[in-house]
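Worksheet for the structure shown next.
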There are 2 protein chains.
Amino acid sequence: MRIVINRDDTKAVYLQIFEQIRQQILSGELIPGFTLPPERKLAESLGVNRTTVLNAYRELKAEGLIDSRVGKGTIVLSYPDSELSNATHYEEPVWDHTFSQYSGQFDPFMLKELLAIANRKDVISFATGIASPESGPLQIFKGIEEEILNSNDYKALLHSPTEGFHSIRESVCQLMHKRGVYCGIEEVMLFSGSQQCIDIMARILLDPGDIVVVEEPSFFPAVQAFKSLGARVMGVPMDDKGMRLDILEQLLQRYRPKFIYTMPNFQNPTGLEMVLERRKGLYELARKYKVFIMEDDAYGDLSYDGMPLPLIKSMDNEGYVIYISTFSKSVYPGLRLGWMVAHKKIVQKCTALKQVMDIHSNSLSQWIIERFIRSGDFDKHMKKSCNDYRIKRDAMYEALLNYAPHDLKWHKPKGGYYFWCKLPNGILASKLVLKAAEYKVAFVPGSTFFTSGEGEEYIRLNFTFASVPEIDEGIKRLCKAIRDLKESSDDEEAFNNIEMNPIV
Amino acid sequence: MRIVINRDDTKAVYLQIFEQIRQQILSGELIPGFTLPPERKLAESLGVNRTTVLNAYRELKAEGLIDSRVGKGTIVLSYPDSELSNATHYEEPVWDHTFSQYSGQFDPFMLKELLAIANRKDVISFATGIASPESGPLQIFKGIEEEILNSNDYKALLHSPTEGFHSIRESVCQLMHKRGVYCGIEEVMLFSGSQQCIDIMARILLDPGDIVVVEEPSFFPAVQAFKSLGARVMGVPMDDKGMRLDILEQLLQRYRPKFIYTMPNFQNPTGLEMVLERRKGLYELARKYKVFIMEDDAYGDLSYDGMPLPLIKSMDNEGYVIYISTFSKSVYPGLRLGWMVAHKKIVQKCTALKQVMDIHSNSLSQWIIERFIRSGDFDKHMKKSCNDYRIKRDAMYEALLNYAPHDLKWHKPKGGYYFWCKLPNGILASKLVLKAAEYKVAFVPGSTFFTSGEGEEYIRLNFTFASVPEIDEGIKRLCKAIRDLKESSDDEEAFNNIEMNPIV
């Protein structure tokens, strides 16, 4: 339905509306049963008074062209016999069999309630996976307007190559050389965030029923991507050195998975750094069993106690390691830019698929970040970020020492974004979330990161988003909540004990 | 491998490099067989002279720790027995069985050669699907720097909701109301370009073997997306009124496809506008057979001879129509932003999948375009664009009238980006591409848009990218190329005739 108001016309506006709708009904353009927009909405979209639309509809009713029905709004009647369109004609699609086989695997609402708590203004949030917005490199926008407005090549605004601009692939090569990976430009590809890279890798490698091995616990959006393609995901437990290779090898022998997904640097959620010996062992297992390793290095740049250990990709001469990382943790997540370093056959296949998926990543973001790296400001910013986050990490560590009950266990991370804590016996993270919400502090319960639904005794605490005073206050509140639950669980236990020892 | 140069150290730089690599080999961090970076690359990444690296490598060789091998570069030897790592240990992954079943359907290189021709500086290109960069609304960047730098909410830089910011969904609702679709905000969702929307829709709706119906010819990246999920794609021929509904109904009866993909407004590639009667008929068929319609309206805003016809979505009270459109044709393609209007059950399912695919669309692009719509500048820009493109469309029409041979047929489009031409009998588009390249003019051959590989007698000409004088000159060149081929084909035909009539 479309209506054009001509303000220069001497004809009243309500009549203009009436005549145009009438014409569209008589011509059959508006079919019987069509619901006219509510008067208020139409008035808004035309920029006229509601009364004007009311008058137009009144005229249409007087001609027997439309009618109002409770619960259905204003409906076009059939013409010329003016018989009401039969209500049974209104039928929605059959939703039950509409969606594809694996579409039930996308679970959007898992964290929605939790984030609703965390985003409340008075809540101290350890639940996010982002840095404090204030610490972001706002300077990347300095001079941007002048450069774009005076630019003659419009590079930042038009299509870019599916693999990413040549210039940013070059810059990424240089970043990788500093990390000990001497890749060529043909092995580098940009993505709309590293999550897209994970999803594309899954789509080019996985058929339904294929097996993927992940650390247990692991980064759950990766697990969701694998499952959404019909893959079976198997978790390998970790100890304080990283993934347990003895168990991994058993899985490799028995199931021949398509690839192993791992985050060796400051893993999300555990904050753990996989030791060098495990990295080498993992690479050797991949070669032996001819299985790919997807090395997710989202946090590798954020090392607070000296240099990070060598990347598994730096050991890879053959092409078994698919390395991925992101600018979301180091620059801004809203720019949606991540990258991959992999064998060029993988890059070619990913390019072919990405062309179908979103053609290419945002050109403006590529241009902004390339400019940021080239100027040397990216390196400076990373140094500053590491300093800031080390201070925050230490603040959370101190606060835990000060306030935590003796039976709360944690690991002090050498880098990344998170503390991973084990709750005192009998305290469930799902209960603690609610109790903590009363004290206005939020975190993510550990079970979120387990493929098995286990992990109720763990919680993940982010230390980069809150300020130092908030960290202190937040940990104080959290520990209070834990003590509250401990007391009530002691009561419960006492109660249970009575129940279990009936008077005989 | 990682090396840190300390310029304050009194030790020579080459010795620092030597010792660090030595240490890493002895510790086992660099495993036997590991290829050291080429001297030039390492020198570059460390910011030292190549000679410095050469000297360090010489020392390592002297200790028997590394060795150079032709074709393999400089390799770490095994320690302590210094036995050369066996060359057969170097094994690439087995690529043959690496990729997923349908990954062969992504065909990246289809147009690569063609675009290489079209992008040469001296070539007049009718091959693109973009507007001339100069006509883009550069003003969208005015004031952006100040707003971002002075902003306190960092909205444009951080994560946004998966469905898109509330504010841009609201703005899109208003755009849709002007197009006669009175949707609510919960029916609107933003995507990283409309191609992503097509791909996501395919992924939530299609299982391998499912059938999708498209117009023949059709927008080929959509067809590729459907095929990449294992779908079978069936083409329905078009006449000058749009998709042939009689043939469509036969397909609907026989195959029960999952959905019908159509572009009723100024279709890519034909430029055709589906007539109103067909739109209504198509909607009625969708209801009758309970099949979804994906209505791609990429060009709906670009109508040059009056108002476009009602959208199929404007007839939809039940939820059978999934409407998609894009800001790539109207604003800038590099911003990667498109949208969908569909039943909220579809929006919810898409949200769940998009969360796994790329979390959300670029926040900065959403913020820029929302600002552009809200200010009223988007509407003004569209008016100006329609004027500019009408002039270019008319220029191409005039040029065709002036230069075309009598047996070249075309259709004058009422909107959109393209002329669709039927070549004289016997002229093949694949040959014309090469001949036209000699005359420095480029276009897309029609067969690209057919699911069947047919269409060799058609070509698609874009008129929005080139300037008016270039359009005149380019059509002149193209027609010369056609005449050249006609002459040689006449010769060939004469020759063939002789062959077919042997002297008996």
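Per-structure values
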read-out: When residues of region A:390-406 are limited to those that are outside any helix (DSSP H, G or I) and not small (G, A, S), the one most open to solvent (accessible area, probe 1.4 Å); value: A:H406
read-out: Hits in region A:116-152 (condition: in a loop (DSSP other than H, G, I, E, B) and of a type in the set (S, T, Y)); value: A:T128, A:S132, A:S151
read-out: Region B:155-168: number of residues that are more than 9 Å from chain A (Cβ to nearest Cβ), in contact (Cβ under 8 Å) with a residue 24 or more places away in the chain and surrounded by fewer than 23 Cβ atoms within 10 Å (Cβ to Cβ); value: 3
read-out: Residues of region B:318-345 classified as over 20 Å from the mean Cα position of the chain (by Cα) and either without any contact (Cβ under 8 Å) to a residue 60 or more places away in the chain or surrounded by fewer than 24 Cβ atoms within 10 Å (Cβ to Cβ) (or both), total; value: 7
read-out: Residue match in region A:358-368 (condition: modelled with pLDDT of 95 or more and under 29 Å from B:I25 (Cβ atoms)); value: no
read-out: Residues of region A:228-249 satisfying the condition of being in contact with a strand residue (DSSP E or B) (Cβ under 6 Å, 6 or more places away or on another chain) and either in the same structural domain as A:G453 (by TED's automatic domain parsing) or charged (D, E, K, R) (or both); value: A:R232, A:R244
read-out: Pair list, Cβ under 7 Å, 6 or more apart: region B:251-265 residue not assigned by TED's automatic domain parsing to the domain that holds B:P221, other residue open to solvent by 10 Å² or more (accessible area, probe 1.4 Å); value: none
read-out: Every pair of residues 6+ apart whose Cβ atoms lie under 6 Å, when the first sits in region A:182-211 and is in the same structural domain as A:Y299 (by TED's automatic domain parsing) and in contact (Cβ under 8 Å) with a residue 24 or more places away in the chain while the second is among the polar types (S, T, N, Q) and outside any loop (DSSP other than H, G, I, E, B); value: A:S194/A:T326; A:I204/B:S103
read-out: Helices (runs of 4 or more DSSP H) completely within region B:194-302 that count 2 or more residues being at the interface with another protein chain (Cβ under 10 Å from one of its Cβ atoms); value: B:194-205, B:220-228, B:276-289
read-out: Residue check for A:E187: surrounded by 17 or more Cβ atoms within 10 Å (Cβ to Cβ), closer than 20 Å to B:H360 by Cα and not polar (S, T, N, Q); value: no
read-out: Unmet criterion (only one of (1) touching a helix residue (DSSP H, G or I) at 6+ places or on another chain (Cβ under 7 Å); (2) more than 28 Å from A:P445 (Cβ to Cβ); (3) of a type in the set (D, E, K, R); (4) open to solvent by 10 Å² or more (accessible area, probe 1.4 Å)) for A:R278; value: (2)
read-out: Pick from region A:409-422, criterion within 14 Å of A:F126 (Cβ to Cβ) and touching a helix residue (DSSP H, G or I) at 6+ places or on another chain (Cβ under 7 Å), ranking: most open to solvent (accessible area, probe 1.4 Å); value: A:W410
read-out: Count of residues meeting criterion [under 13 Å from A:L15 (Cβ atoms) and open to solvent by less than 20 Å² (accessible area, probe 1.4 Å)] in region A:51-77; value: 4
read-out: When residues of region A:423-453 are limited to those that are assigned to a loop (DSSP other than H, G, I, E, B) and aromatic (F, W, Y), the one surrounded by the most Cβ atoms within 10 Å (Cβ to Cβ); value: A:F443
read-out: When residues of region A:304-351 are limited to those that are farther than 30 Å from B:A156 by Cα and of a type in the set (G, A, S), the one modelled with the lowest pLDDT; value: A:G306
read-out: Any hit, region A:356-376, residues being open to solvent by 10 Å² or more (accessible area, probe 1.4 Å) and either in contact with a strand residue (DSSP E or B) (Cβ under 9 Å, 6 or more places away or on another chain) or without any contact (Cβ under 8 Å) to a residue 24 or more places away in the chain (or both); value: yes
read-out: Complete set of residues in region A:274-294 that are in contact with a strand residue (DSSP E or B) (Cβ under 7 Å, 6 or more places away or on another chain) and more than 25 Å from A:V347 (Cβ to Cβ); value: A:M274, A:V275, A:R278
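Rundown of residues vs (1) closer than 20 Å to A:N317 by Cβ; (2) free of Cβ contacts under 8 Å to residues at least 60 places away in the same chain; (3) within 13 Å of another protein chain (Cβ to nearest Cβ), yes/no style:
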site: B:M1; (1), (2), (3): yes, yes, yes
site: B:V4; (1), (2), (3): no, yes, yes
site: B:R7; (1), (2), (3): no, yes, no
site: B:T10; (1), (2), (3): no, yes, no
site: B:Q24; (1), (2), (3): yes, yes, yes
site: B:E29; (1), (2), (3): yes, yes, yes
site: B:R40; (1), (2), (3): yes, yes, yes
site: B:L46; (1), (2), (3): no, yes, yes
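The values are calculated or read from the model by the stated rules, or taken from the named source; none is laboratory data. The shown structure was predicted, so the numbers you read here are calculated from the model rather than taken from an experiment. Cβ sites come from the backbone with ideal geometry, for glycine too, and all protein chains shown count toward neighbours. To get the accessible areas, we keep the full protein, side chains included, count just its heavy atoms, and leave off ligands, DNA and RNA. Shrake-Rupley method; radii C 1.70, N 1.55, O 1.52, S 1.80 Å.
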